[in-house]
Structures are given as C-alpha cells and as structure tokens.
Amino acid sequence: MSTYALKAARFVLPGSLAFGGYLEINEGTFGAWTPERPDGLDVVDLGDAWVAPGYVDTHVHGFAGHDVMDCDPDGVNEASLALARRGTTSWVPTTLTQPAGEIEAACASVWEADQRRDDDFLGARIEGIFLEGPFFTEKHMGAQNPANMLDPSVELFDRWQEAAHGLICKSSLAPERAGSAVYCAALRDRGVVTALGHSAATCAEGRAAVAAGATVFVHTYNAMEGLHHREGGLVGCAMSTTGTYSELICDGHHVLPEAIRALVSAKGWEHVAVISDCLRCGGMPDGDYYLGDLPIRLKGETARLIAEDGTVGNLAGAATTVASGVKNLVDWGVATAEQAIRMGTEVAAASCGIDDICGSMLLGRAADFNVLNPDLTVAATYVSGLLVI
C-alpha cells in the first residue's frame, strides 16, 4: 500500500495537536491532514492511538551490541535497524574521547554505513555525527578516557569532518579549555553546533562559550558543575541562557524527576531535548560490555564502569531509548504527552540543527512516524511509510 490514509485519535502535527481526522501518506511521504476522510484512499484505522513523528536521538553511541567506535559500517546499520524497531527513526551516531585517528575512522565508517543503504532499508536514518569529546576535562570525565583529552583544535575538527564527508553536525567541549571560544566561533561559521559538557567550568566560562556560538549542553546535570547559590556552574548556565538547548537523559537514574522538573521549568520544554545516551548494551541482556576501551557492566537500564579491582562504580551511560524517556516525562508529570513527544522529536532535531530534515510530520517529508498507544508505548514504527518489523 504505497498511498493511504491514517485515521487516529490524535496527530502530533507541526504547530498543533489534531484530534481525530486523517493523515495522507503519499508514496512514502507525508501528505495533508484533513478532518474528513479523503476520497479514493484506503484507510488504516488506528483507533485510539497517537500518530507522532519518529523519535530523533541526537546523542547515542550504539545499540544491540554495536558501537560507533567499532568503526564498522555494517554494525552501524545493524544498530539503525534495532533502533527503528524501538521508535527511533533518526539518529546522530556519537563518538567518544578516543585517539584522534580512531575518531577519524569512526566518522568515515558512519559515512560508509550511510552509503551502503538502499531504498528498502528500514532502519533509523543517519542525520549527522556527534563528536562527544575529546575536548573535555578530567574532573568530570564520566566514562570518557582522560588519556585522550586535549584542547579544542579546529584543524582536528576539519580532518574529522573531511573523513565524515560533512556529516558532523555537533561537537562538544569543556569551555574552560584553552581555545574554546575560537573553536565555538569556527564551528558556528561552519554551520556546526557546539555543545558544552564533561566540564568543571564556572557559569561565566559557560556564558563566554555561548557568546562565542555554543548552543547545547551535553546531558545536562551529568558530568558538569552543579548549581550552587554562590556559583551557578554549567547547570546554572544551562538554566539561565536563552536560545540554548539542554540535552537530558530521562531514564530516572542519571537525573531524578524533581531535577528534571526544575530544568524544564527554568528553560521551557521547547529547549529541552530528550536523548538516550545509549551504549552498545542497549537492547542487550545484563552482562559485561565495553564503552570504547573502558569495561562496563549492564544491570537493568543502567551501565556502570568496572574498576581495575572489579568493583562497579559510576554511571557510564544509559541502555534505554528516547521512547522510554518520553514516556517517563509524562508518567512523572513533568510534561504533557504532546510536549514530551515534541521534546523527543522536533526539539531534539532543532537542538542539533537537523530540523530541516527530520523531527516533524511536514507535508512532503519522508513519512517516518510512530503509532503510540494511549500510554505512549510504541505500537508500531514506519519509515518512508513502510512498517518496520
């Protein structure tokens, strides 16, 4: 069925929430929404379901046993297929603080993965690359290897971007490092988003980076100086700067619901992007895995670093999806269903500068969408109007 219409209880359309009606799907692209049944089209009746844009994950390292730093194009595509089965139709494969040559190889492999796809590929679309590091500081290194950290380098970025064939859309740094303002300004001029995180920066240092062009805060609260009444830290900078976006892991482990509520209240839901920060262990059974060259242990929905003595310590990342985070926001009473869905779709896309290609069910755009049950669990996912199985 290449051309058909969807009937559902709610449609999350650009600019508004439509109750009832029909959304046309024309040869794999979105048609118009109409209140009346369109003539001459087969109708898929979805009952009391929501129809919403496919989720956009702008900070995700891997899934289903595969990691971007494996530098394996086939692995990237396998992760894409698995992500799509869980409601993510667009993703920004994310690198780690590894040696420069490995980051370059990872960028090249993501581009190669995209080149290997054909029109029948029903996995999450690769919408860019996010360089998480290596321009961080050790105090808030999290699960990033401090041996590979260095000052921001535009020359290195250009080298990686060449390997990526222009796919890099976001790069991160700790704003207290030497050369940060120059780096932020240079990437701004290149049309690439700069994000702030894994940092001991003061609020003033964060503001200086924003003034130079930075617009995103990496997994806000995590791996940055917290808000204190005599020093705002990077959290205070995130809360108080206008026109910037905060990434947020909404698994209930990295950030507690009350802290999430405070950030959303301060910044507005329109500037908070739900991310997964998912690792290769996402969608996998409990056990031991690797994040780059660091050993981690998955138990439930959280992955933690394994120390040299075998003990399990700090959080290393998540093992959930954007779909799960969106549902949590509603279950916790932090956002309405419409707001939460938009935080995982159009807001996420806007934060990464890719909202011109994904995140909204715009007329003529590829028909990538989710059918959501009333409790916001994913009932079905479509890529180019075709059911993902």
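The numbers here are math on the coordinates, done by the rules we state, and not lab data. All values reported here derive from a predicted model rather than from experimental measurement. All Cβ positions, even for glycine, are placed from backbone atoms using ideal geometry, and neighbour counts span all protein chains on display.
A few remarks follow.
- Within the chain, longest stretch free of exposed GluC sites (Glu not before Pro) [DSSP loop, at most 10 other beta carbons within 10 Å]: 37-307
- Here the label points at Asp293 and Asp375, each 7 Å from Cα along the C-beta direction, are separated by 4.5 nm in the simple model.
- This model, with +1 at the C-beta of Lys and Arg and -1 at the C-beta of Asp and Glu, gives segment 54-355 a dipole about its Cα centre of some 840 debye.
- Once the Cβ-Cβ distance of Asp286 and Thr34 is raised to the sixth power relative to R0 = 30 Å, the FRET efficiency obtained is 0.05.
- Scaled against 2.2 N^0.38 Å for its residue count N, the alpha carbon radius of gyration of segment 54-355 is 0.90.
- Once you reduce segment 311-343 and segment 222-256 to the center of their Cα atoms, the two points are 16 Å from each other.
- Charged neighbours of Pro134, selected by a Cβ distance under 12 Å, balance to -4 (K, R count +1; D, E count -1).
- Efficiency of FRET between Glu27 and Arg159 - r from beta-carbon atoms, R0 45 angstrom, step 0.05: 0.65
- Spin-label zone in segment 196-225 - amide nitrogen under 18 Å from a point set 7 Å from the Cα of Asp189 along the C-beta vector: 209-215
- 14 Å reach of a label modelled at Asn314, 7 Å along Cα-to-Cβ, counting backbone N of segment 204-243: 221-226
- In terms of other Cβ atoms within 10 Å, Asp251, Asp277, Asp293, Asp48 run from fewest to most in the order Asp48, Asp293, Asp251, Asp277.
- Formal net charge of residues neighbouring Ala350 (Cβ-Cβ distance under 15 Å; K, R +1; D, E -1): -3
- DSSP beta bridges in the chain [antiparallel fraction, %, rounded to 5]: 55
- The distance between label points at Ile357 and Glu301 comes to 3.0 nm (points 7 Å beyond Cα on the Cα→Cβ vector).
- Among residues other than Val193 with Cβ under 14 Å from its Cβ, the summed charge is -3 (Lys and Arg +1, Asp and Glu -1).
- Of Thr137, Thr345, Thr242, the one that fluctuates the most in a GNM where the chain has Cα springs shorter than 10 Å: Thr242
- Cα lying deepest toward the dipole's positive end in segment 1-105, options Gly87, Ala64, Pro38, charges on Cβ: Pro38
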